[in-house]
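K.L.:
Structure incoming, see below.
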């Protein structure tokens, strides 16, 4: 079911734009949102504007306040150390903390440079500004940290 949802969501993003993906976010699990975000990183260079829109669209308002406006956020993504995960080759993740409103993931990334990085990605289930209901949004992200090997 997760793969079907991800494929459908990827198709919707490709065909109708980022707004649809964000509108669909209230029905997505935190894991599905994480996959949408990391697929955007994986394919970043194919359409950088769309990738930024997706990643920005799943950011919590508090996160946007710290990292925004969107133009500044986009510049941050292509600057060190965050640029190390643009066009990543592979990623894996595991939940390190979870309750009803928060989920922390440890994400391991094989970068395009064949280096490995680890990132902590934190979601909060919150009322969404543009949606009638709650959805999972990024509340915090650690800078990618280099590690020896294996995802």
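K.L.:
Could you count how many residues in region 79-112 are more than 20 Å from residue 51 (Cα to Cα) and in a loop (DSSP other than H, G, I, E, B)?
P.N.:
3
K.L.:
A further question follows. Among the residues of region 105-114, which ones are touching a helix residue (DSSP H, G or I) at 6+ places or on another chain (Cβ under 7 Å) and within 12 Å of residue 86 (Cα to Cα)?
P.N.:
If the condition is that a residue be touching a helix residue (DSSP H, G or I) at 6+ places or on another chain (Cβ under 7 Å) and within 12 Å of residue 86 (Cα to Cα), then 109, 111 are the ones that fit.
K.L.:
Against the conditions (1) surrounded by fewer than 15 Cβ atoms within 10 Å (Cβ to Cβ); (2) more than 13 Å from the chain's Cα centre (by Cα), where does residue 142 fall short? Just the number, please.
P.N.:
(2)
K.L.:
Which residue is farthest from residue 35 (Cα to Cα), if the candidates are limited to region 119-139 and must be part of a strand (DSSP E or B) and over 14 Å from the mean Cα position of the chain (by Cα)? Break it down into steps so the answer makes sense when it comes.
P.N.:
Initial filter on region 119-139 (part of a strand (DSSP E or B)): 119-127, 134-139.
Next cut, over 14 Å from the mean Cα position of the chain (by Cα) only: 125-127, 134.
Working: 125: 16, 126: 19, 127: 21, 134: 18 Å.
Of everything passing the filter in region 119-139, 127 is farthest from residue 35 (Cα to Cα).
K.L.:
Could you give me the residue pairs with C-beta distances under 9 Å whose first residue belongs to region 118-139 and is without any contact (Cβ under 8 Å) to a residue 12 or more places away in the chain, whose second residue is in a loop (DSSP other than H, G, I, E, B) wherever it lies, and which are 6+ apart or on separate chains?
P.N.:
Sorted first by the residue in region 118-139, then by its partner, the pairs are 127/133.
Bear in mind that the values in this text are calculations on the coordinates, not laboratory data. All values derive from a computational prediction rather than experimental measurement. Cβ atoms come from the backbone with ideal geometry, glycine included; neighbour counts cover every protein chain shown.
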